[in-house]
1. Could you give the nm distance between label points at GLU464 and ARG238, where each point is 7 Å from its Cα heading toward the beta carbon?
2. About the Cα centre of the chain, what is the dipole size in debye to 20, counting +1 per Lys and Arg Cβ and -1 per Asp and Glu Cβ, all else neutral?
3. Would you kindly calculate the translational diffusion coefficient of the range 98-332, applying Stokes-Einstein with the Kirkwood radius from alpha carbon pairs, for 10 °C and a viscosity of 1.306 mPa s, and quote it in µm² s⁻¹ without decimals?
4. Under the 0.36 nm per residue contour assumption, what length would be gained going from the current alpha-carbon distance of ASN8 and ALA22 to full extension?
5. Suppose every K and R has +1 on its Cβ and every D and E has -1 on its Cβ; what is the size of the dipole of the range 326-467 about the Cα centre, in Debye to the nearest 20?
6. Which whole-number percent is the relative contact order of the range 116-181 (Cα, under 8 Å, 6+ apart)?
7. Treating each Cα of the range 1-79 as an identical point scatterer and ignoring solvent, apply the Debye formula and state log10 I(q)/I(0) at q = 0.16, 0.18, 0.23, 0.25 Å⁻¹.
8. For a quick check: sort VAL604, VAL336 by the number of other beta carbons within 10 angstrom, fewest at the front.
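Read the figures in this text as sums done on the coordinates, not as results from a lab. Only a predicted model underlies this, so the values are computations on that prediction, with no experimental measurement involved. Reconstructed Cβ throughout: ideal geometry from the backbone, glycine too, with neighbour counts over all protein chains shown.
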Amino acid sequence: MKPNTTINNPADVDEGFFIELAIDLTKLGYPGGRGDGVAWLGALLFDGDTRPNPTDDYGNWTWWFKERGNNASPVWAYMDPNTFVPGGEPGARERADAVWARTVVDGTITLDGKLDEPAWSKAEPVRLQYGKDAGIPGSGWRNEGGAVPTDPLDATLKFLVVGNQLYLGVAVKDSSVGGGLFNRFDGVLMNIRRKESPDRPAPSFEYFYGWVTEPWADPATGNIGALPSFFGAAGGPRTPENLEIWDAVTTVAGITNSDTVPDAGYTMEFRLNLTPRGYDVTRPEGDIVSFNISIYDTDWQWPVIPGKLSGNRTWFQGPFSAPLSNTVRIHARPDVTVNTQTLPELGPELIIPNAVNYATPAIDGQLNEPVWAKAPSFDVRFGDTALRATYPSIGPLASGQFQPEVGGGRAAVLDPGDATFKYFFKDDMLYLGVDARDGAVIAVDTDAQWDGIRFMINDRVVREPDNHDLLGREVIVRFDPAGQTVLGGSLVTEVADAVTAAVTMKPNTTINNPADVDEGFFIELAIDLTKVGYPAGRGDGVIFLGALLFDGDTRPNPTDDYGNWTWWFKERGNNASPVWAYMDPNTIVTGVQDRAGAEGLPQVFTLYGNYPNPFNPSTTISFGMPEAGLVTLKVYDILGRSVLVKELGMKAAGRHEAVFEAKDFTSGAYFYRLQMTAPSGKKQSTLYGRMMVIK
C-alpha cells in the first residue's frame, strides 16, 4: 500500500497501491533466451470503491488491448534484446564495447582537470570498478599484489570531442593517492590504434600518465604533493611538439604520497589529437576510434602499511596496448552533440541470420546443401588491403596478415591465401562454411605452412582466471596428407563435444604435389553453443567471433616455399578485438524453398528476410506470394511510430523483392510489416521483420 492508505475504510482518502509481477516465460512455451522474442499481451485494471452510503458503491474495469484471457486482440510485442531501459548503472549501453563521444563546440572546454563545464554533465559515463564487470567481452580487473584491496578502484570515464580532438575525463574515488614502481602506482595506461599506419593490424600509440617513480619514468612523482607525469609516446616535457599530440591536467582532492590524512580522489582531463592517428570525426559520417584504457590503483604505500598495502588494476575492454587486447569503439559524429536527445543506436557489427526454414546441414565438408548457397559471407585474402578496408567497424584496423619464416626465410608469396567464409545459425548451433581457393594444397606438421583455418569464439560464461574477461576459445581445422580432418585448439582440447568439422578437397586437387595446380578445399564446421556458455535458445544472441586463414605452399625449389596467415578481426583465441555479432532470430537466410508447393510457389505468404542487414543506404526485402494480391510495406521506428507507408501494388504469385531506401533515416533499428490482401478483399496476411540502418 502507498502511504496514508487503509483498506476498506470509506471515511478516509487513500493514495493507492503498487503491484509488482514477474512471469517465467519458460513456463509459457518460450525456450531459454525468449525464442523469437514475440509476445502477445493485454492488461486490465479493476477498480472498486465503497462510499459511506452503500447505494453509492461502484466498480469499474478499464483495459488495454484485451479484457480477458481469451484470444481477443492482444498487442503484438517484441522483447528486443538490443533496446535498453534508459538509465541504470553508468556503463549500461546497447553495446558494452562501444560508446558515443558527443560533439562540443570549440571553446566550451577548458583543460584544467575539473570537468566542471556543463558539457561534461551530458557526456556518456562509463563506470570502472575493481571486481565488477565493466562490459563484455574484454573489460576486466587484476590484483597486482599485496593484500585484498580495502579501497578498490572506483572510476567514471566520460568522452567528448571538440573538432578532431578527443577529450577524456577520468574521475577516481581514492582515499590513498600516490606513486611507486610499475604496477604499484596510481595512473592510467591508454592506447589508440594507429589508423594512419599502413601496417595491419594497426599498431598502438600509447598514452601513459601517472605517478610512476621508476628510473626510466619520473622519480619526482613520488614526492609529497606531486602531480603525475607523461610517459609513453610523446611523453616527457610538454614541448610544443608533444602538446600538439596530447595533453592532460590533474587535480587531487587530498595530498599525494601521504596517507596521514585520507584523500578523496583525483580527476584527470585529457586532450588527444586524433589527426596524427589518422581519424577524422569531423566528417559528416564521423569515425570510430579504436581505444582502450587501464587504470592502476595502489593504496596504503605512503608509508607502507603491512597487511593493507595493495595494488589493483581495472580496464575498459583491454588492459594493454598490445594487439592482444580488445578495444573500445568510440563513435563520434558532428551531428551527435551534447544536445542530442536520443543517441543513435550502436547496433551489432555483424548480423548472423537464422536458417530456421532450411534443413540442418550434414557436416561432411561438401557445402552442397541449399542453405550454403544463400548464407551471407565475408572474404579473407592475403595482401588485399582494399578488401580489408570494407570490413565493418574497427575490422579494417584489427584485421591483418603475417608471413612466418619458412626454412629461415620469407619467399615471395605467389599464390596468396584466399577464401570465403559463410555463416548462419540454426537452433543452438553456429555453422561456418569455408571455400578456400588454393592452387597448391599441402599438409605439413608446422603451422607456418598449414592449410586450414582458425576460428575463434568467446565463451559466454567462463572468464580468464586472472583478468576476469570473457575467455577466448579457438578451433583449428586442417587436414593430413591423406585428406583426413585434423582438429586442434582449446575448443577441442578443453571442451568436450563442442565442435563437429569436416574437410573435403575440391576436384583436380592433390595434396603435397607442387607439380600440379590445385583448386582448393572446403571446410564445414558446426559449434554447439550450449558448450560455450549459451543457454538453450542462445540467450541474448550476442556472440564474439574472429577467423583466420592458414595458407602454405611448397614449390619445386624448397627455397621458394612459404606460408601466409590472414585474419578477419582477430588472429588468435585471446581477447583481441572480436567482432560484436548478433544471432538475429528474425533475420532469415534468404531463398527458402522448403515452404514451396509442387510448382515452386510458396504455400503461404512468406518473408525471406532482407539483405544486407545491417545496411546503408538500401536493403532488399524478399517475399513470396502463394497467389496474386495487393502488397503494402509499412516501416516503424523502435518506438512503434510509422515512418513509411509504401504501396507495392498488385503482385503475381511467386517470389518478389522490394528495395527499401534509408538515405533519409537515422541509424538504428526499424521494424517492417508486409501486408498482402487478396483481390477479393476477403483474405489478408501480414508478415513482420526487423532491420538495422548503420551510417
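1. Between GLU464 and ARG238, the label points sit 3.3 nm apart.
2. The dipole magnitude comes to about 1380 debye.
3. On the way: Rh = 17.9 Å.
Approximately 89 µm²/s, per Stokes-Einstein.
4. That works out to 2.3 nm of additional length.
5. The dipole magnitude comes to about 440 debye.
6. Numbers: 74 pairs, mean separation 19.6, N = 66.
That works out to 30 percent.
7. After summing over all Cα pairs, the log10 values are -0.81, -0.90, -1.14, -1.23.
8. Listing VAL604, VAL336 from fewest to most nearby Cβ atoms yields VAL604, VAL336.
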